[in-house]
Amino acid sequence: MSIDEARVRAALARLVPPDELPARFLWQPLPGGVNARSVRVTFGNRDWALRLPHQGAAGFLDVATEARVLTSAAGADIAPRVVGIDVPSGVLA
């Protein structure tokens, strides 16, 4: 799956209020991912790992459960906290 700036911007738009969506941001693909790809996105004082499902895979992933597990892991200081989720698209940050 190819990731480009337009796809990253569209994912951010699902998580960030329109008035906070940056005109410019830095992004870098992260290695790995069987059912999803991750990118590091930096804008303003935010530094996120943004998870993007492979095209067509969003319906097969239970991103809500994944967010709950990551939230528990963050509470134990073994994962970063979840800052946003869009269940229909499978986007998680």
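Here is how the numbers come out for the structure above:
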| read-out | value |
| --- | --- |
| Simple spin-label estimate for Val69 and Val82 in nanometres, 7 Å along Cα-Cβ | 1.1 |
| Value of [θ]222 nm, deg cm²/dmol, for the chain, DSSP H segments ≥ 4, -39500 (n - 2.57) each, nearest 500 | -8000 deg cm²/dmol |
| Neighbour net charge for Phe25 - beta-carbon separation under 10 angstrom, K R +1, D E -1 | +2 |
| Rounded percent of accessible protein surface that carbon and sulfur make up, the chain, 1.4 Å probe | 55 |
| Hydrodynamic radius (Kirkwood) for the chain, which is based on Cα pairs only, to one decimal in Å | 13.6 |
| Residues with amide H under 5 Å from that of Val91, placed H, sequence gap 5 or more | Asp86 |
| Cβ charges +1 (Lys, Arg) and -1 (Asp, Glu), total dipole of the chain, debye | 120 |
| Accessible solvent surface per residue of the chain, calculated while the other protein chains remain in place, 1.4 angstrom probe, Å² | 63 |
| Rounded to whole Hz, the Karplus (6.51, -1.76, 1.60) HN-Hα couplings of the stretch 14-26, x for glycine and proline | 7, 10, 10, x, x, 6, 9, 5, x, 5, 10, 8, 9 |
| Separation of the Ser89 and Asp4 label points, Cα + 7 Å toward Cβ, nm | 1.7 |
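The values are calculated or read from the model by the stated rules, or taken from the named source; none is laboratory data. Remember, predicted model here, so these are calculated numbers, not experimental data. So basically every Cβ, Gly included, is an ideal-geometry build from the backbone, and we count neighbours across all protein chains shown. Each accessible area value is taken on the protein alone, full model and side chains, heavy atoms only, with ligands, DNA and RNA left out. Shrake-Rupley method; radii C 1.70, N 1.55, O 1.52, S 1.80 Å.
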